[in-house]
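All remarks here apply to the structure that follows.
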Protein chains: 2
Amino acid sequence: VLKPGTAEDVAAIVKIAAEHHVPIVPQGGNTGLVGGQVPDESNEQIVLSLTRLNAIRAVDPVGNSITVEAGAVLQTVQEEAERHDRLFPLSLGSQGSCTIGGNLATNAGGTAVLAYGNARDLTLGLEVVTGTGDIWNGLRTLRKDNTGYDLKDLFIGSEGTLGIITAASLKLFPLPRTQKTAFIGLSSPDAALTLFNNAQKLAGAKLTGFELMPRLGLEFVLKHGDAMRDPLSSAHDWYVLIEISSGGNEEETDQLIMAILEQAFEADTIEDAALAQSQEQSKQFWKIRHLMSEVQKQEGGSIKHDISVPISAVPAFLSKATEAVLKMVPGCRPVPFGHIGDGNIHFNVSQPVDADKNAYLALWSDMNALVHAIVQEFNGSISAEHGIGKLKQPLLSQFKSPVEMQLMKSIKQALDPKGIFNPGKVL
Amino acid sequence: VLKPGTAEDVAAIVKIAAEHHVPIVPQGGNTGLVGGQVPDESNEQIVLSLTRLNAIRAVDPVGNSITVEAGAVLQTVQEEAERHDRLFPLSLGSQGSCTIGGNLATNAGGTAVLAYGNARDLTLGLEVVTGTGDIWNGLRTLRKDNTGYDLKDLFIGSEGTLGIITAASLKLFPLPRTQKTAFIGLSSPDAALTLFNNAQKLAGAKLTGFELMPRLGLEFVLKHGDAMRDPLSSAHDWYVLIEISSGGNEEETDQLIMAILEQAFEADTIEDAALAQSQEQSKQFWKIRHLMSEVQKQEGGSIKHDISVPISAVPAFLSKATEAVLKMVPGCRPVPFGHIGDGNIHFNVSQPVDADKNAYLALWSDMNALVHAIVQEFNGSISAEHGIGKLKQPLLSQFKSPVEMQLMKSIKQALDPKGIFNPGKVL
């Protein structure tokens, strides 16, 4: 494990590694879910930890940008932005330990993608150590720049296989002054989609959260969560958590969320809704959403899929995938939830009650194959926000055309001719 | 000139051209400003016109996407979106004849970048004929997809030098219901920047237009435009045109623009403002902005620069560049205007009154060099939205580091090994 302190250190390491053909596995906060940051078992790979490269290099509140080193922890960057009355919107469960370098290498998503985009959309410029051990200084803070190829977006999301990101210039936004949350009961994913389109029409970019959850997910939270209560008085098949953020005052934000709910009640799109009356209640609503994944552990084995389909295809995907897994494992309990406004569903399937956990989990690959085939029918993605890493590397060539695989291999060969950057990951 | 009717035709042409090393110059509406779409004088280059490939392949109003072929005219795509009660926001002077393929090849900008981003930000997926004459089908309509390298963004903005875009899946947005425009007089670019930051804080993504103009530009418009009137009763050194668009009702939009203006008056940020009382008046305000470039022709020679700097550096850039050109050509008349919210200024400089036009225009390269050197001091871009093409190709290596030039050349070599795609452009 090497812990360089400057981009120059990283460049020197890459030069030596290239000369001696030593593989380098870059690592940030080590929170990735697909093993992209993990070395193989050969004991011949360098783990290059970027955690000492963690300076905030510059903040420009008027130009709405911040330049930070790769090892800076996401939460530190959020806090630095807030000190300047600005928002850095990227927001993840692991934000207390994940790093900006890792966020960009994996093009991280999270709950703020709907209004602000993913890590890629939040990046203005990069500093990268290349396959030749040179430092590319692409740390621009421009909103418009049409001078040559878009190198930045090639490195973002390449999971450390094309170069090592050492610093980034990121976008900042005005800090919202008011937020309002509602917990809504409705009958189907179709109704949720109608609500989403109407809410977006009224609120535009002020619609900063729109999360879908099934009844079973809420039941798991009520059963296993600590002192959790159902926000609504009767049961509904599906739920949506909606959040509005605004630079305007409390009254305007209230009016906006009320307009969305009134329109939805009048059109029979929704069955019931609870409006958070305090910050505390708003946190409780979000806690239901955040516990959704964790409580599934209490219900035995859970087979997981991080998929996306075109937004309009979410209801059809859910219905088809649910039917397929129930046919494969009668009695299994799908708990699909997530960012329906991005078309991104965490299609997690809990084991049948009283089934054998290990026997159920042995079906992981088979169920993945079944669900991913349905994803493919809808021209969807088998990794919406977690990346490919080591875990899904064997799947990539099954879901990409030979033409696309060849394009990617040509680029890998061009930028990392010695093959030292994170071998065995992605491609 | 070849005019293929399908992507398969394009692929067949590329295969033959690659075999015989015949250069291909892709062309859309032929409206580019830097000669990217123009063949050289060898008579040995194929002009590949995409204009017959102009179908609207699919519209998904619920999923907010549209899939069109490269030769579809921008305005046709805007109109198709509107028929489905949706907005395709890309908006350019040449929208009646420019094509989507050209828009993407050059990563087109325009007046809606502030709220919606440039062509790159509006693209979900591409279909591209590659250097091997294969068709890459990357026509996804997903909002989140972390499966491998971002090929899409590599082709966008590469000006036909890496592959030929034959179709694209694009983002649609809810159609704004109300719009409100104001014409504002103020004392300096610094004041304009303060106004911009406060307006963005209040309006967020509803701030859809923010254009800076100098007094001299307005005077040219009043003098040479047809029946144009000064919207304000007295003269101001600088002007800002501001536009608010919203999914809400007229009253809300009125309140929002009034709140922005009141705050600015109270803080002495602005000197005067006229609020458009009708659609007709709003059009008149925009006409002043749109005539800004054209009327400069009536004042003799004009030397032009399409530059961007970090937004916060716009005032300092304007002051330094103005001083420098006045020192170089005493009596010359800078008319800098444009998208200050994107940091993108069209720094056009009219000749001194009564000077010889040709003698003045002979200074074009020298003045470019002077202004571009100042752009570089501010880490800016010498081509914010028009691209590199043939015109600025000789400049690129002066403004990019050897490391960046080498990265771009490696990619060009990897994706176009025969060098048949638009040689002599960009690199």
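The values are calculated or read from the model by the stated rules, or taken from the named source; none is laboratory data. Just so we're clear, the structure is a prediction, and the values are computed from it rather than from any experiment. Neighbour counts run over all protein chains shown; Cβ positions are idealised from the backbone, glycine included.
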### Query
Would segment B:177-184 turn up any residue that is facing chain A (nearest Cβ under 10 Å) and not small (Gly, Ala, Ser)?
yes
### Task
Report yes if some residue within segment B:290-309 is within 30 Å of A:Ala203 (Cα to Cα) and touching a strand residue (DSSP E or B) at 6+ places or on another chain (Cβ under 9 Å); otherwise report no.
no
#### Entry: Extreme residue, nearest to the chain's Cα centre (by Cα), among residues of segment B:140-171 that are charged (D, E, K, R) and over 20 Å from A:Ser397 (Cβ atoms)
B:Glu159
### Message
Within segment B:9-18, does at least one residue satisfy the condition of being closer than 20 Å to B:Gly93 by Cα, surrounded by 14 or more Cβ atoms within 10 Å (Cβ to Cβ) and at pLDDT 95 or above?
### Response
no
### Task
Answer yes or no: is there a residue in segment A:153-174 that is surrounded by fewer than 22 Cβ atoms within 10 Å (Cβ to Cβ), polar (S, T, N, Q), in a strand (DSSP E or B) and touching a residue at least 12 places away in the same chain (Cβ under 8 Å).
no
### Members of segment B:105-141 found to be in a loop (DSSP other than H, G, I, E, B), modelled with pLDDT of 95 or more, in contact with a strand residue (DSSP E or B) (Cβ under 9 Å, 6 or more places away or on another chain) and aliphatic (A, V, I, L, M), listed by number
B:Leu139
### Query
What pairs come up if the first residue lies in segment B:215-232 and is outside any helix (DSSP H, G or I), the second is polar (S, T, N, Q), and their beta carbons are under 7 Å apart, counting only those six or more places apart or on different chains?
none
### Summary
Residues in segment B:279-315 that are surrounded by fewer than 16 Cβ atoms within 10 Å (Cβ to Cβ) and in contact with a helix residue (DSSP H, G or I) (Cβ under 9 Å, 6 or more places away or on another chain) total 4
### Message
Name the single residue that is surrounded by the fewest Cβ atoms within 10 Å (Cβ to Cβ) among those in segment B:369-393 being at pLDDT 95 or above and farther than 25 Å from A:Gly63 by Cβ.
### Response
B:Ala369
### Candidate set from segment A:121-142 (those that are more than 7 Å from every other protein chain (Cβ to nearest Cβ) and among the charged types (D, E, K, R)); member that is farthest from B:Asn344 (Cα to Cα)
A:Glu127
### Query
With segment B:309-427 as the region, which helices (runs of 4 or more DSSP H) entirely inside it contain at least 3 residues that are farther than 24 Å from B:Lys297 by Cα and more than 7 Å from every other protein chain (Cβ to nearest Cβ)?
B:314-328, B:364-377, B:393-399, B:402-415
## Note on the structure
Note on segment A:64-102: residues free of Cβ contacts under 8 Å to residues at least 60 places away in the same chain, buried (at least 24 other Cβ atoms within 10 Å of the Cβ) and part of a helix (DSSP H, G or I) are A:Leu74
### Query
How about segment A:49-63: which of its residues are more than 14 Å from every other protein chain (Cβ to nearest Cβ), assigned to a strand (DSSP E or B) and either of a type in the set (Val, Ile, Thr) or crowded, with 24+ Cβ neighbours inside 10 Å (or both)?
A:Ile56
### Task
Could you look through segment A:194-217, keep only residues that are more than 9 Å from every other protein chain (Cβ to nearest Cβ) and of a type in the set (A, V, I, L, M), and pick out the one that is surrounded by the fewest Cβ atoms within 10 Å (Cβ to Cβ)?
A:Leu216
### Message
Please go through segment B:233-267 and give me each residue that is within 26 Å of the chain's Cα centre (by Cα), farther than 26 Å from A:Leu207 by Cβ and part of a loop (DSSP other than H, G, I, E, B), ordered by number.
### Response
B:Asp237
### Message
Cβ contacts < 6 Å: first residue of a type in the set (Ser, Thr, Tyr), restricted to segment A:384-406; second residue not in a loop (DSSP other than H, G, I, E, B), any location; separation 6+ or different chain. Result?
### Response
A:Ser397/A:Met405
